[in-house]
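This report concerns only the one structure given below.
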Amino acid sequence: MCGVFGVATARGRKLMLDEQACVAMCERLAHRGPDASGSMHAGHIALAHRRLTLLDAEGGAQPFRSTGPSPRVILAFNGEIYNHREIRRELTQQGAVFHTRSDTETLAMLLSMRGAEGLAAVRGMYALAAWFVDSDELLLARDPFGIVPLFYAEVPVAGGGHELIFASEQRVITAHPSFRVEPDFASVASFLEMPRRTFGARTLYRGLLALEAGETRHYDLGGDRMRCVRSARTIPASTPTPCSLSDAAWLVREAVTESVEAHLAADSAVCTLLSGGIDSTILASIARAANPHLMTFAAGSDTDAMKPGSDLFMARHVAKMLGSDHHEVVIGGEQFVIAWDRLITEGAHPLATPNEVAIALLAGAVHPHAKAALTGEGADELFGGYGAPLEATLAWIDADPNHDAHSAANFYRTAFGWAPRTLVTELLNHDTVNKFGAMHGDPLGDLLLDACSEAGDLSQIDSHLAVQRRVNLVNLLERLNLSLMRGSVEGRVPFADVRVLDAAMRAGGAHLLSDRGNDGGVATSTLVTKRVLRRAFADVLPPEIASRPKASFPLPFESWIAAQTHWIDGQVAQEVFSPAARALVRTQAMQHWRLAWPMLNLARWLDATFG
């Protein structure tokens, strides 16, 4: 994983930042790429890069300049291309000549020979900026799962005109001297409803946008003004293939096993994060078969270290079963709040969930031993792992006669939001509500409606799994990336892989329902979460792992956040939140943690950023 920063404007203009200033901006991403750095500046466009070296340390320096007679491309790239050898063989047959082992060169050559359309052949995670020198076109692109983030903003500059700024983290863009740093109160309100830092393209900063999963944006820099000439989103699609549970399980086992093996490819050590649940146990089992020296890492609270059934206890059990080199991070309340504060103030954004603290602390433990870690994000969204939400969704499918996108979006908002929308305005003071009301849009509502509109037939469970991938998975992957990269560790997610997704979608969500029998002449069924995945890896899942209930927030943060309720009375927080809401957090944070957690995160972020 790496860090990308760049600025661009029309060819007839000169960037306000010289190369030295661009390099200084990119240094804010040094934690994402501590091994090397590089930059280029062509007057109207500049690219800078920080590198975490996992493949071909000598040959993959960036920004990378393509070679050969094809159109010239200069590439700054963040991610890993797992099928780059396959792509390389195909391009070689078409006349390409390669000089390194790096997947960066493969990607640069692919773009040079095929343009953005070539990305359809890529299997991996990426956020990239590619300058096509001869046509003076800039391409920004992000992988279809949204594993790797990329943010951008257009800002006016002195003397007229605009500049495009893009970076792997928001805080680099907000540091640009021409970016006006303001909160987007519509997104702030959405955060209170459903804590996340991005809602489609919108972020918590006004005018700062996120490239969406699967999105490409093409900018023409050759005219008298810079303009975006084309943008598109790629949505993975496949049709369920009627097959038996056994056939579906075999299809999934093949895909997941091959994906884990592909994600282990590196010149540096790759470890596995282990929670003792189904997903991480499957990944660790496959990885251990490929690597007899596999390292596994687990995190949990100091109150759960020896408690049967806890993450630490179960991970220890799995590690012993596998014979891995196991490491633990035991987290106490004081350590939690210190790390929580640091992540908000250094990252310049609130946290979406308490798990981000545990992930960041894990990264600190992993970093001395490995540069990359396999994690289980994606399994729940691909294979149906959220029991209560799925039960509620099945009930909605049975109850709603129309299954239209608006009805589905309202259902998701009501069923899975942290705070009811009607309550949000009461949490904010009147001045803030007026600011919110004066701004257009409903970021959360727009995201949910778009996801439901794109998902297909909403009377089918497969369509709702597609909604979960669009709404939930992108958020999970973003927080994983940003949290692990605070410790200079690359997160690799074998379940969030195009071949695994294809297998999961072909198997279909119908297998989630197990026939229970006949009740008064009516056929009945029972929901079995991750049923195909469980069947696919039944031989590596001990009964105590296979039957273990899912825990969304395994840290006892409800009691820990009480120590930080003074954040709600910070200077900016007092202006933003109503007196009644602040009193509630101050006195009943534990009891009302679904309100207290997002409010305290926003309060600390607002004071640290705007105070």
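What the table below lists for this structure:
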{"quantity": "Tensor-based shape of region 183-243 (alpha-carbon gyration tensor, a/c under 1.5 rounded, otherwise prolate or oblate)", "calculated": "oblate"}
{"quantity": "Whole-number Å³ per residue for the convex hull built on Cα positions in the chain", "calculated": "158"}
{"quantity": "Virtual spin-label span in nm between R342 and S547, 7 Å along Cα→Cβ", "calculated": "4.1"}
{"quantity": "Those lysines that a straight Cα-Cα span of less than 24 Å connects to K371, excepting residues fewer than 8 apart in one chain", "calculated": "K320"}
{"quantity": "Quarter of the Cα convex hull surface for region 559-611, i.e. its orientation-mean projected area (nm²)", "calculated": "3.0"}
{"quantity": "Shape call, region 41-113: gyration tensor on alpha carbons, a/c limit 1.5", "calculated": "oblate"}
{"quantity": "Relative contact order [Cα under 8 Å, 6+ residues apart], region 282-408, whole percent", "calculated": "20"}
{"quantity": "Distant alpha-carbon pairs in region 23-161 (separation over 22 angstrom), percent", "calculated": "36"}
{"quantity": "Lys, Arg +1 and Asp, Glu -1 on Cβ, resulting dipole of the chain about Cα centre, debye, nearest 20", "calculated": "500"}
{"quantity": "Euclidean distance of C-alpha centroids, region 1-20 and region 558-607, integer Å", "calculated": "39"}
{"quantity": "For the chain: relative contact order, % (alpha-carbon pairs under 8 angstrom, 6 or more apart)", "calculated": "15"}
{"quantity": "Interchain or long-range residues, amide H under 5 Å from K371's placed H", "calculated": "A269"}
{"quantity": "Placed amide H near S525: partners under 5 Å, 5+ positions off or other chain", "calculated": "R516"}
{"quantity": "Cα gyration tensor category, rounded, prolate or oblate, for region 157-297 with a/c compared to 1.5", "calculated": "prolate"}
{"quantity": "Sum of side-chain charges, R413 neighbourhood, beta-carbon under 9 Å (Lys, Arg +1; Asp, Glu -1)", "calculated": "0"}
{"quantity": "Segment V133-H592, extension gain: residue separation times 0.36 nm, minus the distance between their alpha carbons", "calculated": "159.7 nm"}
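A short reminder: the numbers here are calculations on the coordinates, not readings from a lab. From a predicted model like this one, the values you see are computed outputs, not experimental measurements. For neighbour counting, all protein chains shown are included, and Cβ atoms are generated from backbone atoms with ideal geometry for every residue, glycine included.
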